Amino acid sequence: DAGVIQSPRHEVTEMGQEVTLRCKPISGHDYLFWYRQTMMRGLELLIYFNNNVPIDDSGMPEDRFSAKMPNASFSTLKIQPSEPRDSAVYFCASRRRDRANYGYTFGSGTRLTVV
Amino acid sequence: GEDVEQSLFLSVREGDSSVINCTYTDSSSTYLYWYKQEPGAGLQLLTYIFSNMDMKQDQRLTVLLNKKDKHLSLRIADTQTGDSAIYFCAEGGSQGNLIFGKGTKLSVKP
């Protein structure tokens, strides 16, 4: 089991550019979560999916953010256009509902810097 | 609404015990969790406790749960410099998600 795989690990982009973050959850996990972590606000839930369907996107900060999960093995988080205040570490996590005691498995994160 | 609170910083000396505290609001949570985040890494599940338990011990880790007060604690015995990290408390949310606290940064001084 390779765990939750995120790419890229680091991304530096200029303000106004489109940024796409990618996540491959653990096979068999039916929940997928996107989080953002900053020093100021800590860990924020942006959106989560159950069986590829978005369940709660109330944490998505603005219309500039969008997320998709076209199939059980892939999800993207897109920011268009990006702004310096979007600089953060973005984590993807997955979970099996019938293994609730195992909690989430997190990816290693994508560190985004918008200059 | 659902909320998890924990103190932001804790500093201990190597060899001492560390106790990290957490309060939560959702009494219907089935499991409560402790995660550890080392610098530059994602969060890793450290341990968890089922809501009908009072205590769980796993080597140097002891989790205490007071359901009446909605208080969870993590005790690390014989704290080592390798234990320096951010520790997150989390409760099972009502929608299948987990609600995380802001994390407690543990600093271990030699």
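Just so you know, all these numbers are worked out from the coordinates, no wet-lab data involved. Here the structure is a predicted model, which means the values were calculated and not measured. Positions of Cβ are generated from backbone atoms using ideal geometry, with glycine treated the same way; all protein chains shown enter the neighbour counts.
Condition check: hydroxyl-bearing (Ser, Thr, Tyr), on the phi < 0 side of the Ramachandran plot and either crowded, with 18+ Cβ neighbours inside 10 Å or away from chain A (no Cβ under 11 Å) (or both). Does B:Thr30 satisfy that? No: the conditions fail for B:Thr30. In segment B:58-93, of all residues being small (Gly, Ala, Ser) and within 14 Å of another protein chain (Cβ to nearest Cβ), the one that is surrounded by the fewest Cβ atoms within 10 Å (Cβ to Cβ) corresponds to B:Gly93. Taking the conditions exactly as written (farther than 20 Å from A:Arg9 by Cα, part of a loop (DSSP other than H, G, I, E, B) and among the hydroxyl-bearing types (Ser, Thr, Tyr)), does A:Ser108 satisfy them or not? Judged against the criteria, A:Ser108 is not a match. Please verify whether A:Val114 is under 22 Å from A:Arg9 (Cβ atoms) and either polar (S, T, N, Q) or over 14 Å from the mean Cα position of the chain (by Cα) (or both), treating the condition exactly as stated. Yes: the conditions hold for A:Val114. The set of residues in segment B:18-41 that are farther than 15 Å from B:Thr104 by Cα and either free of Cβ contacts under 8 Å to residues at least 40 places away in the same chain or part of a strand (DSSP E or B) (or both) comprises B:Tyr31, B:Leu32, B:Gly40, B:Ala41. Of all residues in segment A:15-37, those satisfying the criterion of being of a type in the set (A, V, I, L, M, F, W, C) and either under 11 Å from A:Ser75 (Cβ atoms) or within 14 Å of chain B (Cβ to nearest Cβ) (or both) are A:Leu21, A:Cys23, A:Ile26, A:Leu32, A:Phe33, A:Trp34.
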